[in-house]
Amino acid sequence: MVYVGMPSSPFLPFLIFGGLVLIVVGRAAWRFHVVPLLLSRRDIARVAKELVAQYGAEAAEMAFIEEHLAWQRCAPSEQGKWRRVRRALVQRGRVVRPENGNGA
């Protein structure tokens with residue numbers, strides 16, 4: 001029996017493409033969602049407490065700025081960390097609502 005080449009399947013290109021898409025999406029989900037969850041709540045609370053001590057009522061806004069800067073640097077794990085810090089500050093009630101220009 002002589003075996004020459006690979007067996008051909010009409011679905012092989014779709015399977016390869018689907019596998020590559022799954023790898024890319026899985027890696028992005030890992031870096032953006034899972035890695036920030038590996039930080040302990042104690043670390044998040046410590047960073048939030050430091051921000052409150054340094055910036056007071058504007059701590060949540062500073063956490064948002066750090067989150068945005070991490071987004072610009074293409075650092076999804078840092079972005080997720082700062083999102084968790086900002087959410088912790090929001091839950092504590094350390095949110096500053098910006099004033100609009102009409103004085104309301």
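Within the range 52-64, which residues are without any contact (Cβ under 8 Å) to a residue 24 or more places away in the chain and surrounded by 14 or more Cβ atoms within 10 Å (Cβ to Cβ)? Talk me through it step by step, then tell me what you get.
The first filter runs over the range 52-64 and keeps only residues without any contact (Cβ under 8 Å) to a residue 24 or more places away in the chain, leaving 53-56, 62, 64.
Passing the criteria: Tyr55, Met62, Phe64.
Can you tell me how many residues in the range 65-97 are free of Cβ contacts under 8 Å to residues at least 40 places away in the same chain and not in a helix (DSSP H, G or I)? Steps first, please.
Taking the range 65-97 and keeping what is free of Cβ contacts under 8 Å to residues at least 40 places away in the same chain, we get 65-75, 78, 82, 86-87, 90-91, 93, 95-97.
Imposing the further condition that a residue be not in a helix (DSSP H, G or I) reduces the set to 73-75, 93, 95-97.
Looking only at that region, the number is 7.
Being surrounded by 13 or more Cβ atoms within 10 Å (Cβ to Cβ), in a helix (DSSP H, G or I) and touching a residue at least 40 places away in the same chain (Cβ under 8 Å) is the filter here; which residues of the range 15-51 pass it?
Arg31, Phe32, Val35, Pro36, Ile44, Ala45, Ala48
Computed from the coordinates by the stated procedures, all read-outs in this text should not be read as laboratory data. All values derive from a computational prediction rather than experimental measurement. Cβ sites come from the backbone with ideal geometry, for glycine too, and all protein chains shown count toward neighbours.
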